[in-house]
Structure formats: C-alpha cells, structure tokens
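Only one structure is covered here, and it is reproduced in the block below.
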Amino acid sequence: MFGSLHRMAGRIRAVFQSNELDRDLRMELEAHIQLLAEQHIRKGASQEEAQRLARIELGGVEQLREAHRDVRALPWLDTLLQDLRFAFRLFRKSPGFTAIAVLTLALGIGASTTIFSWVRSVLLNPLPGVANPERVAALETLAPNGEWLPSSYLDFRDLRDGCKLSEKMSVTKPMDLAVGNEDSFERVWGEAVSGDFFDLLQLKPEIGRFFSREEVDHEQNAHPLVVIGHSYWASHLHSDPQAIGTTLRIGRFPYTIIGVAPATFSGSMAGLSFQMWVPATMYGQLASTGDQTLVDRKWRTFRVLVRLAAGVTLSQARAEVQSHAIDMALADADTNEGMSATLLPLWKSHYGVQDSLLGPLSILMAASGVLLLIVCANVANLLLARATTRQKEFSIRLALGAPRSRLIRQLLTESLLIALAGALAGLFLAVELSGSFGYLLPHSASPTLASAPIDGGVLLFMISVAALAALLAGMAPAVHASVGKVDEALKERGRGGTSARSARLLGFFVTSEMALAVVALIAAGLLVRSFRNVSEVRTGFDPDHVEIARLDLSAASYDAQHADSYCLRFREQLERQPGVSAVAYTDYVPLSVSGGSWEDLQIQGYVASPSENMKIYRSLTAPGYFDLMKIPILQGRDFNLHDDASAQPVMIVNEEFVRHFIPTGISLGRRVQGWGKWFTIVGVVQDTKVFRLTEPPAPYFYVPIRQIYRPEMGLVFFVRTTAPTDSALATLRREAQNVDPSVPVFDASSLNDSIAASLFGQRITAELLSLLGSAALLLAAMGLYGVISYSVAQRTNEMGIRMVLGAQATDVSRLVIRQGAKLVGIGILLGTLASLALSRLLTSLLFGVSATDPIIFLGVALLLSLVALAACYIPARRAARLDPVVALRYS
C-alpha cells in the first residue's frame, strides 16, 4: 500500500507543478483515504472516527492544497502573507495552545523588559534629556587610602582651569530647599551648580535662560537666581510664561526665576528628581555656612561633572586629572597631601542610586535572562509537541516537492507570531510596572523617584528579546520537523509514537528548564539567607519605640547661638509630652542611607603611617543620646549641658577607636586634635553599627553638639516614647511648629523604618529574585508536566499492550514517574554544577552564608524533586487508569 502512496505522490507532484488539480487526482486521493479508513473500522473505530483518522494520516486535502502552494514560484511577499494566513488559521483552531504560549512568553518578555527599563534608567541612561550623555563623567577625589570623597570648590576650579582634555566641568550639590513663606514651607529638592552646568549637559531652557559663568562663579551671595523644573512650573505656576522674572522665597531670601528646565530633565543624579537649581555661590547663604564654603579647600562638599572634549577617551582624561591632582597635592600639602582624583563613568559614580543598585540590578538582569531562557524552552516544548503531531503533514508536503527551508520558514513564522503576541502582552505588563521603579528604594532614601520610562531604547530591547525568543523557541522544532526521512514518516500509523529524536529533544528542553530553575532558586536562596542574616545583626543600640524628625535650621537663617537656643527649647517642650521618656538630638541617624561626616584627627601618642587615612567618621550628639539609644558607656561619663562652646572641648570614642589608636587601653584624658582644637577623651562607649549592618568595627567618635554645631550640618531629634508611632510623630511636628513655625520639619519617621532603608539593596534583590525563582520553578514544572502528559498520550498503545500482557497499574505509574525522574535528576545535576561554577559571582553580596552552602543546595534539589513529582503524578495516574481495550484501538 505504501508503494502505491509513493506513486500517487509522484503523480500529485507532477500535476501540482503544472498548476493543475484535476478530478481524477481527487478521486484517487479519496480512494486511498477510504482504504485507510477501512483498516481503522476493522480495529473497532466508528465510520466517522475512521474517516477522521485516515485524513489525519494522509495529511488531508487542505494540507495537500497547501503543498500545491509550496511548489509554486510565488513572490516573496505573497509567500510571507500565505505563511501568515496559514499560521493564523492554525492558531484559531487551537486557542488553548496559543493562549498558553503567548502568556508564557509575555511573562518572560515583560519581566526582562521591566528590569531592563530599570537598568537603563539607572545605569545606561542616568541623565535623560542630556545630549551625548556617554561623554559625561564623574570626577571624584580620592583620599590617601583610596576612599572616594566629595571635592572642594577650590580643587574644582583648579582642575577646571588646568585640564584641557575636558570640554567643560561643573560642580553640583544636592540640597533640600525650604520654599514658601514664614508660616508655610514646602520641601523642594534642588541642586547648587556652577555656571557651566547646563552648558555641560547641553540643555536648552523651556523658556527663559540658564545661568552664565559670570553670575555664579565669582562673587558669593550676589546672584539670588533660580531655574525651576518643568513639573514645578506646571504644578505651582500653571505653566505661566509670565513666571519668568517673578520671585520665590527660599529660606528667608527672595530668588528670581530666570528660566524653566526642559520637561525631559530632572537633575544630574540617577533615580532622583530635582525641581530647582541655584548658583553654587549662593550655597553659603542657603546653608548658613557663610563665605568659607567656597574658599576653604578643606570644605569638601561638591560633586563634579565633566564633559570630555571631542575625540578624547575617558582613560586619557582620567590620566590628565590624576596628573593635576598630584600637582595639587604637592602645592597644597596642608590640605591635599596624599590625595588624588579620578574620572568614572556615571554608572560607576558613588553619587546617586546607581552606587547601591549596581549589584542588585546586575543580578536581577541575569535572573530575568534565566527566566527568559526557561520561557523559551517551555514554548519550544509546546511547538515541538505540536510539530510532532503535524509530522505527516510535513512529510507529505516534502514528498510533493516543498523544500525543507520552506517548512522551516513556515514554523519560524508561527513562532515569530507567537513571540510578537507575547511581546505585545509583555509590553503591557512592562508599562503597568513602569512605576514600580520606586519600589527599588524606600521612601526615605530619596526626595522623588522618577519612574523608569518605556522609551525607544527599551522598545528596541523588547523587540530584540522577542526576536531572540522566537528564534530560540522555534528553531529546534522547525529544524526537527524538516530533517526526518519522508519514507519513515509516511509509514507511521494511527496515532503513532513519538520518534526517538523527538523524545530526546523534548527531554533536552525539560532538562534545560530544570537546570536553569536550579540556578535561579539557589541564587535566590543564598540571597534570602544572606538578607535574613543581615537583618538579625545586632546594631549595638535599641531602635524600638524611637521616633526621629529632621529639622532644617538653615532655612530659618539661624546661626549657631540661635540654633542652640532653639534645640534646648524644643527639647524641653518634647520632654513635657505624655509618654515621652527621653529626648536627644544629633546631626546623623545611624544606619541611614545618607553618608556621614568625618574629621581629620591627630591623636596624642599615636604616629600615623604615611598612607594611613586619619579622616575618622564622627557624630555630634546632645547629652542623653547614649541613654536614649541604650548604648552602654563603658568608661568615663556622658556629655552634659556644661559641655558648650565656652567649655573645654571633649569627646567620647568607641571601643574600636581605643583598640586601634590607644593600644595601652588608657583612653580617658587622652587628647585628640580636630577642627583646629584639642579635645579630651572623657568616655568610651560600646561599638555600634554606623553605616551598614555588615560593616566591621571601625573607629568612631562623638563630640558635644553644643561645641561644634553649625546650622548647615543638619539636625535630627530623637524621641523615645511609649505612644504609638503616628501619635508620636504628630507630637514632634506639632511641637516644632509651636517653638518656631519657620523651621521646616522633614522625614518624620520611626528609627526602625529609617534603618530598614539601609537594607533596601539586599531586600529588593532577595524579594525580586525569589519572585523570579518561583516563576522559574513553576514554568519548569509546567514544562515537565506537558512533556510527560504528551509522552503518555503518544505511548497509549504501548501501555495498553503492557497491561494486556500483565502489567499492573502501579507498574505503568512507575514507568511514567521514572521517565520524569530521569529528566529531573539530570536537570538538578547540571543546575547544581552550574551554580557551583557561578557561585563566586555572588560571594561579595552574601553575608553569613557560603556561596556553596550545602543546606541551600540540598533544599533546592529537594524542593524541585517534590514539585517534579507532583508534575508527574497526574500523567502517571492517568496512564494507570487506561482501559487496555480502548488503548489497543489506537494500535
């Protein structure tokens, strides 16, 4: 019979190539269909079922007509349209398959696009609206030990005038500005900038103008001008062009609006949105620092941006900056000895959210790539299973003269359509999640978080991902469907079985999914364990029931004396409130996301090595701070109200300070020089965590706030209370207004919430990677379930014969589960080996857990095994319940 089929195929090919499809051929085709149908009727099938099976075996009239079109010399566009029409018909006939494939791809493409939009906003395009941002770099000062530092204004001017490979150079300084009248202030985040700032970024004003160098680079406090952001202009001034020339009250001073920044620009720091820009020469007035800010080389407070000259590479400009910094270290040895400078691309800069998010975003991007590969493997499994059921159709089309490349193109077109639909659904998901960029940082970590836009770069990435997904998911099924021998395919009968090649390919995809899921889950497990370990670290103080509020005394133009008087009155007011057990204030909140302050020290009896960094971090504290925070005083005494500006300067140091600088351990009475004064150590306190929970012990010291404080240093009030948090915070705000309504109160929160902000990097990495890992596990389980179910369906006849020959239901179940266990076992082994090879990449991000922790590895293997067992259980139970008579009807 099969010989006659070959002869018939030859006749069909000849007739098709002459563009004829006559009645005799149709009659011959129907005769062969009837012949095959009679064989199925003899096996017990009904007349209708037998006809259906016969047409499936022979490929059907529609498939033969499609083969006729295959051999015609159609124009390329017509052929493409034909492929698309045929693909749409197939998708309409199997909506369930289409929906699963599209939604699976949407998950992978949407997750990858969302995370890429975060990466683009933070690392690849940190300055939206800026022309040629890749030519902009960050200049950072380096301490003798290599630690990065802000730059002084004098150092900036010397470097700007001496470096010829830099086209322009400008300083920026983030500031929180109190904008409003005496009774009502609004906190607006802005930047103090030098004259070339907007020219460096190559920006054009929406209306008005920007600063000129002459207005901002010379005389201090002489140019009270402000450029406002486009959103501020729209929300506060109703986009009125007449706003140019009007004044805003910033602090206690009027500032003239001279221009509006373009809508696309939100400032010079990635992830943050600034709404006002003032001249750097006005910083002394706004921060109440006086004129010394810009004339004291020790006053390192500015960030420096550089635009490279045309044709200059970053390494060339960096070498020039380093050379000039070395010359400055020699010329100004009293302030710059041993110091240097470097140029960094913006994504490596230590200013902005990219410094904290570089590691987490890199991990999340890699994890989304793993998820996308699992998605592609899953869809490839679906397409491969579908292509296997269409093997008769493909074989007949090949027998009728269709080139193999034609079949590959048809199947790739189908996968591309699925990928396109998945990309559109993924784009919708990414747009919905575009505002989730704010999730990457706690509210207290930044003034305003810009959403990650879905711009042209993100869309191009999504299109590339969709094309890659189509290629990865469709190529293997397409090639597999076209490489088989036509003779063997035409000889397969009935439902047939899956070929060995198909089974191997299906198994390969499932094994790959399992291996990738193991990698994702192990990484998630390690980071979750690390985050838990960090969260359990002892801080050295008690943050429970402590509320904090930041006050801006510079906005009220207080000098040091008035600031001291205000703090004493505010403290007395708070201590009278019900439930308040302790009140203190300081210039720094431990474990906050902001950097601390340091002072260059000389310690009596200690000789520093030439390269040793003696810039030691410190805090200005009021009496009662250690008692409020429950930090034990190990030696000596606490500060008291007599430790004011007229008293002998004193300090308290931590244990590590004594261990490092005073080996004898006799610290009380030891003298330490800082701020040009000699301080006497009067106490030693227990070590505490200052900047990060994971930090090792480091020297730290405290000085009385009444002896050193200046309004520009910042001020934070601490209140320990038994009242609920909301009530305590309301009391803080109310009493601050009662003492002086012109003093703005910002960022009132609990100390625990503030500390949680310092863990945002570990937290978001652990949470999002856990989410991606769970999705990977679910997709891998779905892939395994699909393959096992398909295998059971294809082996129905074989299982019926086994049961007729005496196999029990449990034997059939074990057969199915053993097939799944083999795939899972290989996947777990490969995934474990890959995780061991990649574990070193996570070492720097882990705390208290080894990158090869056996508990995590064994736990993931056990979890995946249990999920895989559940995925195999349903197909195994279905196979065990087969009726042998029914199964044999398909032989």
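Among the residues of segment 731-742, those that are out of contact with any strand residue (DSSP E or B) (no Cβ under 7 Å at 6 or more places or on another chain) and either in a loop (DSSP other than H, G, I, E, B) or open to solvent by 50 Å² or more (accessible area, probe 1.4 Å) (or both) comprise R734, Q737, N738, D740, P741, S742. Within segment 92-116, residues that are surrounded by fewer than 16 Cβ atoms within 10 Å (Cβ to Cβ) sit with their Cβ atoms under 9 Å from residues that are basic (K, R), at 6+ positions apart or across chains, in these pairs: S94/R386. Scanning segment 349-384 for residues that are open to solvent by 40 Å² or more (accessible area, probe 1.4 Å), under 23 Å from P150 (Cβ atoms) and in contact (Cβ under 8 Å) with a residue 24 or more places away in the chain yields H350, S356, L358.
Counting only strands (runs of 3 or more DSSP E) that sit wholly inside segment 673-728, those with at least 2 residues that are within 36 Å of the chain's Cα centre (by Cα) are 715-721. I'm checking my understanding of the structure. Among residues of segment 691-713 that are among the β-branched types (V, I, T) and at pLDDT 90 or above, which one is nearest to Y283 (Cα to Cα)? Filtering first and then ranking leaves I705. Scanning segment 274-286 turns up one or more residues that are aromatic (F, W, Y), in contact with a Phe, Trp or Tyr (Cβ under 9 Å, 6 or more places away or on another chain) and assigned to a loop (DSSP other than H, G, I, E, B). When each of R303, R307, R297 is tested for being part of a loop (DSSP other than H, G, I, E, B) and basic (K, R), the lone residue that passes is R297. Mind listing just one residue for me: the one in segment 572-611 that is aromatic (F, W, Y) and open to solvent by less than 40 Å² (accessible area, probe 1.4 Å) and, of those, farthest from G674 (Cα to Cα)? Among those residues, the one meeting the criterion is Y585. The single condition among (1) touching a residue at least 40 places away in the same chain (Cβ under 8 Å); (2) assigned to a loop (DSSP other than H, G, I, E, B) that G665 does not satisfy is (1). Please specify each residue of segment 743-756 satisfying the condition of being of a type in the set (S, T, Y) and not in a helix (DSSP H, G or I). Selection gives S749, S750. Restricting attention to segment 272-328, the residues being surrounded by 18 or more Cβ atoms within 10 Å (Cβ to Cβ), more than 30 Å from A560 (Cα to Cα) and of a type in the set (A, V, I, L, M, F, W, C) number 8.
Would you call A560 touching a Pro at 6+ places or on another chain (Cβ under 9 Å), open to solvent by 20 Å² or more (accessible area, probe 1.4 Å) and small (G, A, S)? Criteria met by A560. Within segment 599-638, being under 25 Å from P144 (Cα atoms) and in a loop (DSSP other than H, G, I, E, B) holds for L601, Q604, G605, Y606, V607, A608, S609, P610, S611, E612, N613, M614. For Y255, the conditions (1) within 33 Å of the chain's Cα centre (by Cα); (2) on the phi < 0 side of the Ramachandran plot; (3) modelled with pLDDT of 90 or more all hold with the exception of (1). When we screen G271, G359 for residues that are modelled with pLDDT under 85 and at positive phi, the only hit is G271. Within segment 520-552, track down each residue that is open to solvent by less than 40 Å² (accessible area, probe 1.4 Å), touching a strand residue (DSSP E or B) at 6+ places or on another chain (Cβ under 6 Å) and not acidic (D, E). Across segment 520-552, the qualifying residues are V546, I548, A549, L551. Taking the numbered list (1) modelled with pLDDT of 90 or more; (2) within 37 Å of the chain's Cα centre (by Cα) in turn, T246 passes all entries but (2). There is no residue in segment 851-858 that is open to solvent by less than 40 Å² (accessible area, probe 1.4 Å), more than 30 Å from R538 (Cα to Cα), assigned to a helix (DSSP H, G or I) and modelled with pLDDT of 80 or more. Does segment 650-663 contain any residue that is farther than 20 Å from M614 by Cα and open to solvent by 30 Å² or more (accessible area, probe 1.4 Å)? So far as segment 650-663 goes, no, none of its residues is farther than 20 Å from M614 by Cα and open to solvent by 30 Å² or more (accessible area, probe 1.4 Å). Against the list (1) touching a helix residue (DSSP H, G or I) at 6+ places or on another chain (Cβ under 8 Å); (2) among the basic types (K, R); (3) closer than 30 Å to L149 by Cα, the condition R569 fails is (3). All of S231, S194, S152 fail the test of being touching a Ser or Thr at 6+ places or on another chain (Cβ under 9 Å) and more than 30 Å from T246 (Cα to Cα), apart from S152. Taking the conditions exactly as written (among the β-branched types (V, I, T) and under 29 Å from Y255 (Cα atoms)), does V179 satisfy them or not? Judged against the criteria, V179 is a match. For segment 21-133, the helices (runs of 4 or more DSSP H) that sit wholly inside it and include 2 or more residues that are closer than 30 Å to A423 by Cα and modelled with pLDDT under 70 are 60-71, 76-93.
Is it true that V685 is surrounded by 15 or more Cβ atoms within 10 Å (Cβ to Cβ), within 30 Å of G284 (Cβ to Cβ) and either of a type in the set (V, I, T) or without any contact (Cβ under 8 Å) to a residue 60 or more places away in the chain (or both)? The answer is no for V685. Scanning segment 579-598 for residues that are closer than 19 Å to P150 by Cβ, touching a strand residue (DSSP E or B) at 6+ places or on another chain (Cβ under 6 Å) and touching a residue at least 24 places away in the same chain (Cβ under 8 Å) yields D587, Y588, G596. Here segment 428-448 is the region considered, the condition is being among the hydrophobic types (A, V, I, L, M, F, W, C) and open to solvent by 50 Å² or more (accessible area, probe 1.4 Å), and the residue that is modelled with the lowest pLDDT is L433. Here segment 692-708 is the region considered, the condition is being crowded, with 18+ Cβ neighbours inside 10 Å and of a type outside the set (V, I, T), and the residue that is farthest from L751 (Cα to Cα) is Q707. Counted as qualifying within segment 147-244 are the helices (runs of 4 or more DSSP H) with 1 or more residues that are farther than 30 Å from R734 by Cα and touching a residue at least 60 places away in the same chain (Cβ under 8 Å), namely 153-162, 197-200, 213-216. Restricting attention to segment 152-187 and to residues that are farther than 17 Å from G284 by Cβ and modelled with pLDDT under 85, the residue that is surrounded by the most Cβ atoms within 10 Å (Cβ to Cβ) turns out to be F185.
The values are calculated or read from the model by the stated rules, or taken from the named source; none is laboratory data. Every value quoted in this text rests on a predicted model; they were computed, and no experiment measured them. With ideal geometry, Cβ positions are generated from the backbone for all residues, glycine too; neighbour counts draw on all protein chains shown. What goes into the accessible areas is simple: the full protein's heavy atoms, side chains included, and nothing from ligands, DNA or RNA. Shrake-Rupley method; radii C 1.70, N 1.55, O 1.52, S 1.80 Å.
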